[in-house]
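None of the figures in this text is laboratory data; all of them are computed from the coordinates on show. Every value quoted in this text rests on a predicted model; they were computed, and no experiment measured them. Here the Cβ positions follow ideal geometry from the backbone for every residue, glycine too, while neighbour counts run over all protein chains shown.
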Amino acid sequence: MADETNTKKFLYINRKAPYGTVYALESLEVVLIGAAFEQDVSVAFVDDGVFQLMSGQDTAGIGMKNFSKTYRALGDYEVRKLYVERESLAERGLVSDDLMAITYEDENEDYAEKPSIHFVDRSEMTKLISEHDVILSF
Amino acid sequence: MRFGIVVTEGPYTHQASDSAYRFTKAALEKGHEIFRVFFYNDGVNNATRFAVPPQDDRNLQVLWSELAEKHKLDLVVCIAAAPRRGILDADEAKRQGKDGNNIAPGFLISGLGQLIEAGIQSDRLVMFGD
């Protein structure tokens, strides 16, 4: 456990689809505010949470704000580690190509664009969770 | 140990607020420190003093307010999540042109940074939600 002066490892776990409840949107609000605190931030997508990253989201028919573009801007907030659970995708008939391409610019490699999304299986997700200091689950 | 507490559901519909209250009270009685209780998502609904549960039921807002007064607890309600759900203090009510406020004693409306700070400063951040 890090002490008060150290950086802590924050993990946000998103478990819900983006528009059926407010959890996805309000989780994203915490991630964006939290980015200013210079902690080590990762964001995980499990269960219906994988729907948050679907490409081609269109909310015109439900009268709600489409906030999906914000995920693609996470790299600008230094949030570069997004983990998607493979089993959650497969259980919902989804493949990696159904998700948005989310990248960040690596300042150590001449601002090369690199993928932010990493696909991990359930056992790796378990390990990832156990390696973090602060878990916020939405 | 120093705990941070997060409550993400409103009172009565979910058990989250009851569990968080009992955990917080028990931790304090055992001599632990509560760095802050942060109310987010529908958890902000715990902070209205206008809730009137039946007299033979527990009143969670009153329980939280009393616990806060007794232990000088920092009960923080998220300033992004609260106005969205009609939870306003006097300043916010004035700023939004509303004709009254409903924040309960002991609760303070503040930013999401207070949640992140609770994560950084606490030995354990314990979340009570759905």
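At-a-glance table
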quantity	calculated
Mean projected area (nm²) of the alpha-carbon convex hull when the protein assembly as shown is viewed from all directions	16.9
Shielding by other protein chains, A:37-44, mean Cβ within 10 Å	1
Cα-based reach from A:Lys114 at 29 Å (exclusive), listing lysines while leaving out same-chain residues under 8 positions away	A:Lys8, A:Lys9, A:Lys16, A:Lys65, A:Lys69, A:Lys81, A:Lys127
Selection from A:Ser68, A:Thr7, A:Thr21, by position along the positive dipole direction of chain A (Cβ)	A:Thr21
Ordering of B:46-56, B:4-14 by packing [mean C-beta count within 10 Å, highest first]	B:4-14, B:46-56
Protection proxy ranking, peptides A:84-94, B:92-102, average beta carbon neighbours within 10 Å, highest first	A:84-94, B:92-102
For chain A, convex hull volume per residue from C-alpha positions, Å³	115
Within straight-line cross-link reach of B:Lys70, aspartates and glutamates at Cα separation under 20 Å, skipping those fewer than 8 residues along the same chain	B:Asp18, B:Glu29, B:Glu33
Mean Cβ neighbour count within 10 Å, used as a protection proxy, ranking A:36-47, B:109-120 highest first	B:109-120, A:36-47
The protein assembly as shown, helix-only ellipticity at 222 nm - DSSP H runs n ≥ 4, -39,500 (n - 2.57), divided by all residues, nearest 500	-8000 deg cm²/dmol
10 Å Cβ neighbours from other chains, averaged over peptide A:29-36	5
Share of alpha-carbon pairs per 10 Å distance bin for region B:39-130, given as whole %	16, 46, 32, 6, 0
For A:Leu136, distant residues with modelled amide H under 5 Å away	A:Leu11, A:Tyr12, A:Ile13
